[in-house]
Amino acid sequence: DLHIVNGGSTFVMQMWDGVGFYLIAMDIMSGAVVPIYPDPLGVYVSGDGSVMMIAVEQGLALFSAKALGMPDIDQDALLGSAAVWTPPESWAVTINPRAEWMQMYNDAMRNMRDAFYDPGMHGVDWPAVTEMYRPLVYKISTKSELRDVLQQALGELSVLHVFVSIRSDAPTIAVGEPSACLGASLVVKPFGLEVVRVYDTSGVLAAPDSPLSAPAVDLRPGDVITRVDGVALNASHASLSRVLLGKAGMQVLLEIDQKPREEKDDDETEVLAQLQQGGGGGFMESMMSGGAYASSTSAMGAAGSTTKRGPFANKLPSVRQHADDKVRRNFAARLGAGAGLGDEGIGNKAGAGAGAG
């Protein structure tokens, strides 16, 4: 490819030197040639022609176009003036497929308008055709469907040899694709998101629990989530879905303004006292002796539960015993989580799983 910089006074191109291709810069007026780099992976020039970038195995090298046109500059001096960026081993880029597809549609329709051999577009109102097919672009879910829409739109010209080619390795937007959530109804407040209701799935067979209902988290209506993984939900105006992007099934750190809790009743105080003294009763003893218990992840949509069987696994507890054990488990978890809470419940931090809901 040929690139023209410095107002047309310098050509940048690949030249065959008998062994392989070599990127060179040639001054149009003097004919001087400066070798740049052997067979780079790619060559790019900025829109205003002031910067040239070459892609090599080590990364990206950026040159000033003025340096290419300097008299008597040699290859070593030119390479020494380059700013080199070494990419990390991996990185993530967030894209919006629907916005990308709409841009492709606009570009395709504009290119056809500008490059069609008949300025009159065969008598077709091209702006009207462009707008007529635009609503279909909002409804597509794959790039191949975009090809179908463009074929129909370009077919309005009634000409042969008009083709639309789109690679098939495009992303597909699946219907009902899981997205990360916290499993609660939240409303926007000046200082964050207030919990209105934590979803309860205890009565639904095989349904995942809300991450906020885990005993170690224990968020309740009226609590306000101010930060998620250090990102303020109020000051930065970051949406919760944006903060949880790519974190389904992972643990996230919540910073909350916790509303005052009611004082513990006598039964709760008694159970907590027993746990603090090491006398947990049946449930604690069964755990210590290898009894049956189940621990499930707090992330919605994650794996269900892992059950460990012991010598008492075949003894089914009564409904009352099961309820008592559940109460003790909740109190035990809350007792362990209480050590991490801040003064008077303000500015508390808790770990919660970002569920795929």
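The values are calculated or read from the model by the stated rules, or taken from the named source; none is laboratory data. Predicted model, so just to flag it, every value in this text is computed and none were measured. Here Cβ is always computed from backbone atoms with ideal geometry, including for glycine, and neighbour counts include all displayed protein chains. Ligands, DNA and RNA are excluded from the accessible area calculation, which covers all protein heavy atoms including side chains. Shrake-Rupley method; radii C 1.70, N 1.55, O 1.52, S 1.80 Å.
Count the net charge of all other residues whose Cβ sits under 11 Å from the Cβ of LEU212, scoring Lys and Arg as +1 and Asp and Glu as -1.
Net charge in that neighbourhood comes out at -2.
What is the sum of charges, Lys and Arg at +1 and Asp and Glu at -1, for the other residues whose Cβ falls under 14 Å from the Cβ of GLY120? Could the numbers behind the result be given before it?
Values: positive: ARG113; negative: ASP114, ASP118, ASP125, GLU156.
Charge balance in the 14 Å sphere: -3.
Starting from the amide H of ALA184, placed 1.01 Å from N in the peptide plane, find each other amide H under 5 Å away whose residue is 5 or more places distant or on another chain.
TYR199
If the range 1-157 were replaced by its equivalent ellipsoid, with semi-axes equal to the square roots of 5 times the Cα gyration tensor eigenvalues, what would those be, largest first, whole Å?
42, 22, 13
Where the Cα atoms of the range 52-103 are projected onto their three principal axes, how long is each span, largest first, in whole Å?
50, 27, 13
Could you tell me the center-to-center distance, by alpha carbons, between the range 97-116 and the range 62-89 in angstrom?
That distance is 35 Å.
Just how much of LEU193 is accessible, in Å², when a 1.4 Å probe is used and the result is rounded to the nearest 10?
It works out to around 30 Å².
In terms of modelled amide H atoms, which long-range or inter-chain residues lie less than 5 Å from the amide H of MET250?
ALA354
Output wanted: per-residue J couplings in Hz (rounded whole) for the range 24-30, from phi through Karplus 6.51 cos²θ - 1.76 cosθ + 1.60, θ = phi - 60°, x for Gly and Pro.
So the J values, rounded to whole Hz, are 10, 10, 10, 7, 5, 6, 8.
Enter the accessible area of TYR199 (Å², nearest 10), with the probe set to 1.4 Å and all protein chains included.
About 90 Å², ignoring ligands and nucleic acids.
For labels at SER30 and TYR133 in the simple 7 Å Cα→Cβ model, what's the distance in nm?
5.2
At 7 Å along the Cα-to-beta-carbon direction for both GLN103 and ALA77, put a label point, then send me their distance in nm to one decimal.
3.9
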